[in-house]
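The values are calculated or read from the model by the stated rules, or taken from the named source; none is laboratory data. Bear in mind the structure is a predicted one, so any value in this text is a computation, not a measurement.
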Amino acid sequence: MSLIKLYGHPFSGHTHRVALFLSIIELGYDNMFADLAGEERRQTPFMALNPAGQIPVLVDGQTIIPDSNSILIYLAQTYAKHQDWLPKHPQQFASVNRYLSLASGSLADGSTTVPLFTLFNAPHGAIETNGTSHDYLAFIDSQLENNDWLVASRPTLADITQYSNIVHTSEGKADLSAYSNIKHWLHNVESLRGFIPVQDSAVGLAA
Ligand SMILES: N[C@@H](CCC(=O)N[C@@H](CS)C(=O)NCC(=O)O)C(=O)O
């Protein structure tokens, strides 16, 4: 049994970005399944961990950290301080924060919500949301022109936070073939030591 517990769900991109980072920095943890569709998360004791009722939540001994990006920052500062996942250079630091914000904003609104329609029949127009995703993907693709990584000449938390939901986009039927820079970058992330893939859902592209 480990001191660190990660409450999450195998189909959640938000959970995957944390699991990916834990694996890359080689930190052991217990995987705690939280039922996405069920009522369990809306009841105690889960609500005591995160009153917002959302996964992922990291529990490290007495420390409880909800929110995937907050968890990434906590882990980088606590367990990987000398690996530069959060660059000290002010402009690069700001840029990483920009991608963390985008991951909770535009990316979550577009790419990450697309699988909800195919997996959980969420009541919105999938095509409309796919449009949002394509705008976002075009933007990310332009940022990767002549760059292997989003912010620096090495991977940072910007790449970790963006990867899981962008690769998840394909589950929502968004076609990544037009985005050669993104495809190259996905491969770069997938080549990192400790990389673990997003778990495919049963629905995926076929839906
Ligand atoms: N800003 C949060 C968003 C987390 C989030 O949206 N989690 C989803 C699953 S991927 C969730 O728990 N949804 C259920 C709900 O909101 O009730 C983060 O980055 O962790």
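Evaluate the following for Ser70: is it modelled with pLDDT of 90 or more and closer than 21 Å to Leu186 by Cα? No. Just so you know, in the range 146-194 the residues that are modelled with pLDDT under 95 and among the basic types (Lys, Arg) include one that is nearest to Asn69 (Cα to Cα), and it is Lys183.
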